[in-house]
Amino acid sequence: MVRVRRLVALAAAAALVSGSAMVSACAPQPADVGLLKADGVTRLSVQKADYAAQLETLKASSRKLGAALLADGGDAANGNVVSSPASLLIALSMLRAGTSGATAAELDSVLGLPAEGRDEAVNALLAALEKYDGDPGSVDEDNPPQEPVMHAANGLFVDKDVPTGEEYLGTLARHYGTGVYPVSFRDESVTKPVIDQWVNRNTGGRIKEAPAGYDPDNTFSLLNAIFFAAAWQAPFDPSDTRDAPFTKAGGEVISVPTMAATVSMKYAAAPGWKAVDLPYAEGFVMRLILPDGDTSGPAGAVAVSPEVLTEVARRLDDAPLEMVTISLPKWDHSTMFELRKVLQAMGLRETLATEKDFNAIQSGMKLTQAAQAANITVAEKGTVAAAVTQINAEAVAGTVSERQIIFDRPFQYEIVHIETGMPLFTGWVADPR
């Protein structure tokens, strides 16, 4: 009888506060584990302008994934949610690169992935983010850096006794800048610490371990880690932070530490919402969206739809800078997601059931588990955040202003890379405590 072996695909998204979606070729490497890449294949240099339409499609996919994550809510305490749709998007794109048949068609349809040029567009996105790459371990979280650190890394661990498709390895090297680390999954005492070390180092210690439980029957583990850390362009003065009322969904009023300042930023409003782009020192903004009326949020339904978020982005892109007085609570939140449930709710049924359409990666691969862990800290000096996504499978075989915005009730946020417009993190603050 042929023993059934498991396969894990891990994707890590970390800290939306100093992020850079850089690939693992430049990431810290696991000790004593060599990187195996496709023979003679180097990463292609692509121009972002050549894939503008595909990048717009990827942004829409990221917002769709973000809406699904917020609607699910994970294990969020008090209704607070933080997630990284960009990390999940990169992970699923890497998975899609080795997918065929009905599963490939389903992924493209449900996620809205580009019909052509998908891998090239992700390559362009990663390259645009690399400008801000840095060592997550060098960041002082109490003093987020003026020059943002946006680090992203892709790492694939494969069982050294199980073949991985050469064409798949070529795609990873060509567009994702990574190869694979051959390990023995049977030797848990060696391999688990190596994988956890990779996660820990590439998230600056904000995530210590890979989120899925270790299984010695695994044959493949795909990880994407993102770490982001950045100071505000204009830090909030701690002496201006005061306890202020915050009205939760349902009407309960609580008192929370609230920052206040008058800042040059973009402001937009329309029936149903108002929003601002609160700038980091360079390259990124925190987009804050305050819905009107009912703010029950992700605990019930998505508070701000992907279509509204697209309209918010359009209006803010066109808005002039102006002085806006803002009152914003501090928060420090974390969330865990069981992603199979999220993906199934989105309609990925063939993807979760197939035993044949991932053969280009490893023969008989079937997805069995998926998870994401994410966290974020927002305070007077800036932001730090982290997330890890894991997909498991088994193989058979200061100035008076005219504008004012007070975040004194539940609101949504995104961390957005200005150059590409990609929302890297999204979250919902139901209770800042």
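Among the residues that make up the stretch 229-246, is at least one of them modelled with pLDDT under 95, touching a strand residue (DSSP E or B) at 6+ places or on another chain (Cβ under 6 Å) and crowded, with 17+ Cβ neighbours inside 10 Å?
no
Can you pull out the residues in the stretch 95-142 that are in contact with a Pro (Cβ under 9 Å, 6 or more places away or on another chain), assigned to a loop (DSSP other than H, G, I, E, B) and over 23 Å from ARG43 (Cα atoms)?
Residue satisfying the conditions is VAL139 alone.
Return the pairs, sorted by first residue and then second, in which the second residue is buried (at least 22 other Cβ atoms within 10 Å of the Cβ) and modelled with pLDDT under 90, the first residue lies in the stretch 57-78 and is among the hydrophobic types (A, V, I, L, M, F, W, C), the beta carbons are less than 6 Å apart, and the residues are 6+ apart or on different chains.
Listed by first residue and then by second, the contacts come to LEU70/PRO298; ALA71/PRO298.
A quick yes/no check of all residues on (1) in contact with a helix residue (DSSP H, G or I) (Cβ under 8 Å, 6 or more places away or on another chain); (2) under 30 Å from PRO432 (Cβ atoms):
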position	(1), (2)
LEU44	yes, no
ALA49	no, no
SER61	yes, yes
LEU65	yes, yes
VAL82	no, yes
ALA91	no, yes
SER100	no, no
VAL110	yes, no
LEU113	yes, no
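List the number of the failed condition for ASN78; all other conditions in (1) assigned to a helix (DSSP H, G or I); (2) at pLDDT below 95; (3) in contact with a strand residue (DSSP E or B) (Cβ under 6 Å, 6 or more places away or on another chain) hold.
(3) is the only condition that ASN78 fails.
Any residue in the stretch 48-71 that is at pLDDT 50 or above and touching a Phe, Trp or Tyr at 6+ places or on another chain (Cβ under 7 Å)?
There is at least one residue in the stretch 48-71 that is at pLDDT 50 or above and touching a Phe, Trp or Tyr at 6+ places or on another chain (Cβ under 7 Å).
Would you list the strands (runs of 3 or more DSSP E) that sit entirely within the stretch 208-286 and hold 3 or more residues that are assigned by TED's automatic domain parsing to the domain that holds SER84?
Correct list: 220-231.
Tell me the strands (runs of 3 or more DSSP E) entirely within the stretch 313-428 that contain at least 3 residues that are surrounded by fewer than 19 Cβ atoms within 10 Å (Cβ to Cβ) and more than 18 Å from the chain's Cα centre (by Cα).
Strands (runs of 3 or more DSSP E) meeting the threshold: 321-329, 403-406.
Residues checked against (1) of a type outside the set (Val, Ile, Thr); (2) farther than 30 Å from GLY421 by Cβ; (3) more than 22 Å from the chain's Cα centre (by Cα):
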site	(1), (2), (3)
VAL110	no, no, no
GLU116	yes, no, yes
ALA127	yes, no, no
GLY137	yes, no, no
ASN143	yes, no, yes
VAL149	no, no, no
LEU172	yes, no, no
SER184	yes, yes, yes
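Looking at the stretch 143-150, is at least one residue assigned to a strand (DSSP E or B), touching a strand residue (DSSP E or B) at 6+ places or on another chain (Cβ under 7 Å) and crowded, with 17+ Cβ neighbours inside 10 Å?
There is at least one residue in the stretch 143-150 that is assigned to a strand (DSSP E or B), touching a strand residue (DSSP E or B) at 6+ places or on another chain (Cβ under 7 Å) and crowded, with 17+ Cβ neighbours inside 10 Å.
The values are calculated or read from the model by the stated rules, or taken from the named source; none is laboratory data. Note that this is a predicted model, so its numbers are computed, not measured. All Cβ positions, glycine included, derive from the backbone under ideal geometry; neighbour counts span all protein chains shown.
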